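Before any comments, here is the structure.
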Amino acid sequence: HDKALVSADEALSRDPLFAEAWLLKAEVWVETKENAQALMAYRKALRLAPARFPAALLSLAGMEMSAALYDSALARYDAYLGLRVPEAGRNKALAGRASASFAVKAVKHPVPFDPSNLGEGVNTADDEFVNAISTDASQLFFTVKLPSGRTYPDGQPALTEDFYMADLRGDAWGSRRALSGNINTSGNEGALTLSADGRYLFFAGCDRPGGLGSCDIYYSILRNGVWEMPRNLKQPVNSPRWDSQPSFSSDGRTLFFASTRQGTRGSSDLWMSRVGEDGSWSEPVNLGDQVNTTGQETSPLIHPDGQTLYFASDGHPGLGGLDLYFSRRQPDGSWGAAINLGYPINTASDELALIVDASGAWAYFSSDKLGGAGKHDIYRFPLYPEARPLAVTYMKGKVTDKESGAPVHARFRLTDLDSGEAKVESWSDRESGEFLVCIPSEKEYGLNVSAEGYLFHSEHFFLPGGHVEHDPYRRDVQLSKL
């Protein structure tokens, strides 16, 4: 690199109008990540020879997008598209122009955004990445990058990723603690998701013995307050490729995740699989081209409303890098067009993931660009109304033996009577017989409950709105023995 720069400077000392020398300097500075210098050199080269270096014009447009110079980037893409260029370059420029045009408008029309740091109970000088929040919004789960005590061959300290959690105490989060049980190991764990009742946990584990690919999805069950030893979901959910970032739906049977498996359109796509009556998982289905692109889609979050999907992507028009989007489920089960959450939630940098609580009023995310305690901290902000999910309500129940009052481990199904769609299929807790669900409100539901050795229970009821986590709608079920 140094020799190339010296040679370029020597050439420019003899001929300051030597555009190729400026182009060489730009490419060297791109490799050494000196972006400000590279921008300057590209501009000088193209000022001297505007139409001679189409590839440089495209590279400069991309760098200006990364620097949030959207008006200038838009002009570069237009200039490139006015030249005779290869089809691959034209397609890349058209996608870039769509993003630049969107970004120019987004900056002029910002969305409401007022983030607040979650405080010293959660955030430290280490990296904290938010993963999940409990249905009642009282517990936060996140990944922390910590020194492992090991070093890489080049002498750099190795980091390990573990799960932590914190409890909400009044208006502030209490001191964080490592997740109990058998989840954390000396390796890396990440991207945790919980079932609505808090009894099932899914996460991504990488390079583990018995794994099918680089990263697989694992699950654990909470019994007597302790997370059991995780188990690999195996095929067909996991594959020989990268499978990660699970999000478990409140219906108790649908798993969304990111993967590079065969059939993926871009560098990673979002997929969906359902668990059947016998506990087996269906062959994963790609979420389709309204969500997935030829770029990268990651970090899915299916909200408890079952209709709103949040995710990160660099393939849809955006402000640069990974942006945050949402999509609504359509009446036919497909997913609608991806909607960018807007500026300044999204920026020219990468926005990695978003968590939205069951109320839909608050969103949580991690950022290293807002000050904070250091590196990535966790923040929350009020989510503006247009980006909120559908209204949901809480329903809590307990399944017991009618004669003895003892808890019963029973399977229950909640069906929307208007659509005929099963909204929740799950089990009551083995020890307590209780269940907690979060589903759309103001609807007629059918509740079916079954357990071995008991008569089948079925009833219809209207589920009103306005029931929150600390005051759920109560629906207890007493089963009679056969």
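Restricting attention to the stretch 322-335, does a residue exist that is surrounded by 22 or more Cβ atoms within 10 Å (Cβ to Cβ) and not in a strand (DSSP E or B)? Scanning the stretch 322-335, I find at least one residue that is surrounded by 22 or more Cβ atoms within 10 Å (Cβ to Cβ) and not in a strand (DSSP E or B), so the answer is yes. Looking at this structure, is residue 216 surrounded by 21 or more Cβ atoms within 10 Å (Cβ to Cβ), part of a loop (DSSP other than H, G, I, E, B) and of a type in the set (D, E, K, R)? Answer is no for this residue. Of everything in the stretch 394-408 that's modelled with pLDDT of 90 or more and not in a loop (DSSP other than H, G, I, E, B), which residue is nearest to residue 455 (Cα to Cα)? That would be 401. Residues in the stretch 81-132 that are assigned to a loop (DSSP other than H, G, I, E, B), open to solvent by 40 Å² or more (accessible area, probe 1.4 Å) and of a type in the set (Gly, Ala, Ser): 82, 125. Looking only at residues in the stretch 409-428 that are open to solvent by less than 20 Å² (accessible area, probe 1.4 Å) and not in a strand (DSSP E or B), the one that is modelled with the highest pLDDT is 410.
Against the numbered list (1) closer than 30 Å to residue 344 by Cβ; (2) at pLDDT below 90; (3) loosely packed, with under 15 Cβ neighbours inside 10 Å, residue 372 comes up short only at (3). Taken over the stretch 164-213, the criterion of being among the basic types (Lys, Arg), crowded, with 18+ Cβ neighbours inside 10 Å and farther than 22 Å from residue 432 by Cα is satisfied by 176 alone. From the list 447, 482, 436, the one residue that fits, being of a type in the set (A, V, I, L, M, F, W, C), open to solvent by 20 Å² or more (accessible area, probe 1.4 Å) and farther than 12 Å from residue 394 by Cβ, is 482.
Might you let me know whether the stretch 383-390 holds any residue that is outside any loop (DSSP other than H, G, I, E, B) and surrounded by 16 or more Cβ atoms within 10 Å (Cβ to Cβ)?
Going residue by residue through the stretch 383-390, those that are outside any loop (DSSP other than H, G, I, E, B) are 385-387.
From the residues that got through so far, the ones that are surrounded by 16 or more Cβ atoms within 10 Å (Cβ to Cβ) too are 387.
Among the residues of the stretch 383-390, at least one is outside any loop (DSSP other than H, G, I, E, B) and surrounded by 16 or more Cβ atoms within 10 Å (Cβ to Cβ), which makes the answer yes.
Open to solvent by 60 Å² or more (accessible area, probe 1.4 Å) and under 21 Å from residue 201 (Cβ atoms) - does that describe any residue in the stretch 249-259? Scanning the stretch 249-259, I find no residue that is open to solvent by 60 Å² or more (accessible area, probe 1.4 Å) and under 21 Å from residue 201 (Cβ atoms), so the answer is no.
Among the residues of the stretch 253-276, is there at least one that is touching a Leu at 6+ places or on another chain (Cβ under 6 Å) and in a loop (DSSP other than H, G, I, E, B)? No, every residue in the stretch 253-276 fails to be touching a Leu at 6+ places or on another chain (Cβ under 6 Å) and in a loop (DSSP other than H, G, I, E, B). Contact map, the stretch 378-389: residues that are among the small types (Gly, Ala, Ser) paired with residues that are part of a strand (DSSP E or B), Cβ distance under 7 Å, separation 6+ or inter-chain. Pairs shown: 387/326. Among the criteria (1) in contact with a Lys or Arg (Cβ under 8 Å, 6 or more places away or on another chain); (2) open to solvent by 20 Å² or more (accessible area, probe 1.4 Å), the one residue 24 does not fulfil is (1).
Considering only the stretch 171-188, I want to know if a residue exists there that is under 27 Å from residue 119 (Cα atoms) and either basic (Lys, Arg) or touching a residue at least 60 places away in the same chain (Cβ under 8 Å) (or both). Checking the stretch 171-188: at least one residue is under 27 Å from residue 119 (Cα atoms) and either basic (Lys, Arg) or touching a residue at least 60 places away in the same chain (Cβ under 8 Å) (or both). Number of residues in the stretch 62-80 that are open to solvent by less than 60 Å² (accessible area, probe 1.4 Å) and under 18 Å from residue 33 (Cβ atoms): the value is 6.
The values are calculated or read from the model by the stated rules, or taken from the named source; none is laboratory data. Values in this document were obtained by computation on a predicted structure and should not be read as measured data. All Cβ positions, even for glycine, are placed from backbone atoms using ideal geometry, and neighbour counts span all protein chains on display. When the accessible area is computed, the model is the full protein with side chains, heavy atoms only, and any ligands, DNA or RNA have been set aside. Shrake-Rupley method; radii C 1.70, N 1.55, O 1.52, S 1.80 Å.
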